[in-house]
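Working notes for the structure below.
The values are calculated or read from the model by the stated rules, or taken from the named source; none is laboratory data. Treat the numbers as computed from the prediction; the structure is a model and nothing was measured. All Cβ positions, even for glycine, are placed from backbone atoms using ideal geometry, and neighbour counts span all protein chains on display.
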Amino acid sequence: MGIQEPIIRSYDGVADRGRVEDLERRCEVGPSERVFLFTDTMGDPICRIRNSPMHKMLVAELDNQLVGVIQGSIKLVTFHPNKPPPKDQAKVGYLLGLRVSPLYRRKGIGSSLVRRLEEWFVCNDVDYAYMATEKDNQASAGLFMNKFGYIKFRTPAILVNPVRYRPCRVSSGVEIAKLRIEEAEYLYRKCMASTEFFSHDIDKVLGNKLSLGTWVAYPRGDGLRVGDFGSNGDEMVPSNWAMLSVWNSGELFNLRLGKAPLSCFMYAKSWKLMDRFLPCFKLLPSMPDFFTPFGFYFMYGLHHEGPLSGKLVRNLCQFVHNMAANSSEYSSKNCKVVVTEVGGCDPVKHYIPHWKLLSCSEDLWCIKPLKNDSLHELTKTHPTKSLFVDPREV
Ligand SMILES: CC(C)(COP(=O)(O)OP(=O)(O)OC[C@H]1O[C@@H](n2cnc3c(N)ncnc32)[C@H](O)[C@@H]1OP(=O)(O)O)[C@@H](O)C(=O)NCCC(=O)NCCS
């Protein structure tokens, strides 16, 4: 008897919601010996793509059971930074959230879901399909690279900093100012438009209610008053400055540590012991509880200019940490980590506070051209230092 073909159809928010959430709970993402995070979509499984300009979620059914799910989004980005506009642009389709019920794996269901999403991309004139996974997720890498011909493209670093409920020090020599959305859009289009994967609808990203704002940092006493920054084109931008925006991901979905490596347990345990037996250490930051669902802030659009701007980046990150620690005013009371993702060879990562234990030094981005003529060109592109990671795709 042949293997039964799954039915692949669009997600139905009423009929499928509970079953998709149940599937998500049963799927471990990544290799069993590593940290394993549950995503709690808080009753809205489509939340991770809802904010993208074009999105689709597909489910697979077999024997009346929901056995698989995949999500995808489409947008216009800067793709060939060295070419003049509009040749620098490409339409990209992002595949994410692929899950197949453990009992139904290796029966071709994951492949059927990927194939159908790629068909949707092709119908919508997408130039490149791409996906991100942990580099040691053999099932995912095997499916996309061996079976569907995706190639390794970029290896950004995901940097995670726990929120301690004690403020970090922000240097008194650094001025930090919040930009208006129009000012931020102007600066992003001026300074980051040639960055790989820069989203051309940056105005929509900045204007989204999850985007908490954009901040710039520059040396105090540079002749600029708060509010002047960037207001008169180049004249009002100092020689050293840095900028970033913050996205409240915790408002969409929560994370929870399902399984942690021994080192993580040991670390948490030693903090508890210190707390109990060495009360003088109480002044030290304690390890947040990652085993109950928590939200997080995602820092995106990180840009900096000038030889001394690394220090400004660090101060901006510390400022965001403090904002997260006081996050009740931003309606997310359980923000436990601040996350960012930067190009794998971007030296700025040395200025971004993070814990190695929680971070991932090499996220694997794989890509596949969907139009015949682009494969050769793709293999020739070298990573640019910086990379724009869209907060809507986290
Ligand atoms: C990754 C996943 C979706 C694969 O689903 P699936 O239905 O088992 O995939 P398929 O049966 O279509 O497999 C297609 C190919 O992928 C590769 N593959 C799948 N599982 C694999 C595994 N465990 N180890 C190595 N390669 C694997 C194989 O090349 C396979 O072809 P083959 O069976 O002819 O050898 C599934 O394992 C899963 O849900 N994992 C947990 C969630 C996850 O890691 N998602 C990916 C996040 S990006």
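Couple of notes before you dig in:
- Selection count, region 98-135, where residues are assigned to a loop (DSSP other than H, G, I, E, B) and either outside the structural domain of S73 (by TED's automatic domain parsing) or within 11 Å of the ligand (Cβ to nearest atom) (or both): 5
- Residue within region 77-90 that is more than 16 Å from the ligand (Cβ to nearest atom) and of a type in the set (A, V, I, L, M) present: yes
- The set of residues from region 360-385 being assigned to a loop (DSSP other than H, G, I, E, B), modelled with pLDDT of 85 or more and not aliphatic (A, V, I, L, M) comprises S361, E362, K371.
- Residue check, L212 part of a helix (DSSP H, G or I) and at pLDDT 95 or above: no
- Of the strands (runs of 3 or more DSSP E) contained entirely in region 1-73, those carrying at least 1 residues that are within 16 Å of the ligand (Cβ to nearest atom) and either at pLDDT below 95 or within 19 Å of the chain's Cα centre (by Cα) (or both) fall at 36-40, 54-62.
- Flag if G142 is near the ligand (Cβ under 6 Å from one of its atoms) and within 26 Å of V394 (Cβ to Cβ): yes
- Scoring Y186 on the criteria (1) touching a Leu at 6+ places or on another chain (Cβ under 8 Å); (2) outside any strand (DSSP E or B) leaves a single failure, condition (1).
- Conditions (1) within 18 Å of the chain's Cα centre (by Cα); (2) of a type in the set (G, A, S); (3) modelled with pLDDT under 85: number failed by G301: (3)
- Condition check for K152: at pLDDT below 95 and away from the ligand (no atom under 13 Å from the Cβ): yes
- Count - residues of region 341-359 that are touching a residue at least 60 places away in the same chain (Cβ under 8 Å) and part of a helix (DSSP H, G or I): 1
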